Every structure is written in C-alpha cells, then in structure tokens.
Amino acid sequence: QKFGLNKRTGIDLTGEQMPMIKTTASKSWNRVTSLPWIGYGYESKITPMHTLMVYNAIANGGKMMKPYLVSSIQEYGLPVQQFEPTVLIPSMGRASTVKQVQEAMRDVVVEGTAKAIQSPYYDAAGKTGTAQVADGPIKYSDGVKQGSFVGYFPYDKPRYTIAVLVRSTPHGAYYGAVV
C-alpha cells in the first residue's frame with residue numbers, strides 16, 4: 001500500500017483495472033492462510049503496469065514514477081499539450097537496500113533462473129515467476145499456470161523495462177525460466 005499498488009496507476013488509458021491488495025479488513029481475509037499466501041504473491045491482483053512501475057523504480061535507484069505513454073501532443077509540429085515525468089515516491093527504501101535488490105535481480109540473469117536470456121549485446125536484470133492461476137471462471141483446480149519474466153536493461157544504465165506473461169494449459173510449458 002505504501003507503494004500505491006492498491007490504487008490505479010493513473011496512466012492515460014481507459015479500462016485500467018482496480019488492483020486488489022488484500023488486508024485484514026477484506027471480506028475474504030483468512031487469518032490462517034492469507035498472510036503466508038501474500039508472501040508468495042497470491043491473494044493479490046495487480047496489473048502488469050503496476051509490476052513495471054516497481055521494476056522501473058528499482059532500476060531508477062528507488063524513485064517510483066507515474067507511467068505515461070507520450071511526452072507531448074503536437075499539431076502541425078507545435079506542442080499542444082506537454083506531459084512531464086511525475087515522481088510518485090522519491091525513494092522506495094534505503095539506497096543500500098535498492099542496490100541489493102538490483103544485484104539480486106542481476107544475479108537471476110547471470111547465474112539464476114533467467115540465465116538463458118544472457119546476450120552479448122546487453123546486460124539485463126530481472127526476475128522469473130511461476131504461478132497457479134485462479135481468475136474469474138478459472139479455478140486453481142483447472143491446472144492453469146502462468147510463467148513470467150520482468151526485467152530491465154541495460155543493467156548499468158537502464159532504458160527499457162519488459163514484462164512477459166504466458167498462461168499455459170495444464171500440459172504446456174509455464175515455468176518463468178522457460179518463458
């Protein structure tokens with residue numbers, strides 16, 4: 001909640017879903033299972049844009065920015081409307097902590113579950129993920145899984161962030177490392 005993951009991002013796109021970060025006040029809170037499952041990334045629903053905001057903040061030394069798609073709208077080459085970067089959170093935590101997260105995400109790509117994406121053309125940092133899916137009519141018992149990779153590059157001077165999410169049937173490849 002401190003990072004604003006329980007609110008819409010404010011990006012200028014229609015149809016952005018409202019995220020759900022479960023709290024003890026939630027009707028579906030379970031005093032036995034909710035807290036441990038939240039620790040594994042379950043019991044919450046955030047959009048890929050929210051995830052990208054967090055990764056961008058890590059790549060940006062802890063500064064979280066509001067996402068936007070265009071820097072200006074022009075008519076006949078003249079600016080009609082300008083959009084400036086907006087800081088949402090000046091620092092997500094101590095600089096040393098952010099640096100440790102950056103290094104851990106770099107290690108995931110160098111020697112961890114994402115080492116298959118290494119390239120001689122860029123250095124990246126990121127994290128793989130694997131999840132069971134329960135969403136709307138899909139129940140955990142249906143066996144649907146989701147694999148993901150979220151990361152940024154180049155590692156030393158980040159310019160790009162990417163999120164890859166792949167849902168799979170019970171018999172398809174779904175591990176984040178494969179994705």
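If you take all other residues with their beta carbon under 12 Å from the beta carbon of Thr51, and give Lys and Arg +1 and Asp and Glu -1, the sum is +2.
Taking every DSSP helix (H) stretch of at least 4 residues in the chain, weighting each as -39,500 (n - 2.57) and dividing the sum by the residue count yields a mean residue ellipticity at 222 nm of -6000 deg cm²/dmol. In the complete set of protein chains, residue-level accessible area for Thr86 is approximately 60 Å², probe 1.4 angstrom.
Computed on the range 46-179, with alpha-carbon pairs under 8 angstrom and 6+ residues apart, the relative contact order is 20 percent. Taking all protein chains into account, the per residue accessible area for the range 133-179 stands at 64 Å² (1.4 Å probe).
Our coupling estimate for the range 129-144, obtained by passing each phi through the Karplus curve with A = 6.51, B = -1.76, C = 1.60 and θ = phi - 60°, is x, 9, 9, 7, 10, 9, 8, x, x, 7, 10, 3, 5, 6, x, 6 Hz, Gly and Pro reported as x. Only protein heavy atoms count here; on that basis, with a 1.4 Å probe, Thr24 has an accessible area of about 110 Å².
Comparing Ser96, Ser44, Ser168 in a Gaussian network model of the chain (Cα springs below 10 Å), the most mobile by mean-square fluctuation is Ser96. Relative to one another, the C-alpha centroids of the range 3-27 and the range 35-102 are positioned 14 Å apart.
Loop exposure criterion: trypsin sites (Lys or Arg not before Pro), DSSP state outside H, G, I, E and B, at most 16 other Cβ atoms within 10 Å. Applied to the chain, the longest stretch between such sites is 32-93. With the convex hull constructed from alpha-carbon coordinates only, the chain shows a mean projected area of 13.6 nm² over all directions.
The values are calculated or read from the model by the stated rules, or taken from the named source; none is laboratory data. Nothing here was measured: the structure is a model prediction, and the numbers come from that model. Neighbour counts are summed over all protein chains in view; Cβ atoms, including those assigned to glycine, are modelled from backbone coordinates with ideal geometry. These accessible areas exclude ligands, DNA and RNA; they are computed on the full protein's heavy atoms, side chains included. Shrake-Rupley method; radii C 1.70, N 1.55, O 1.52, S 1.80 Å.
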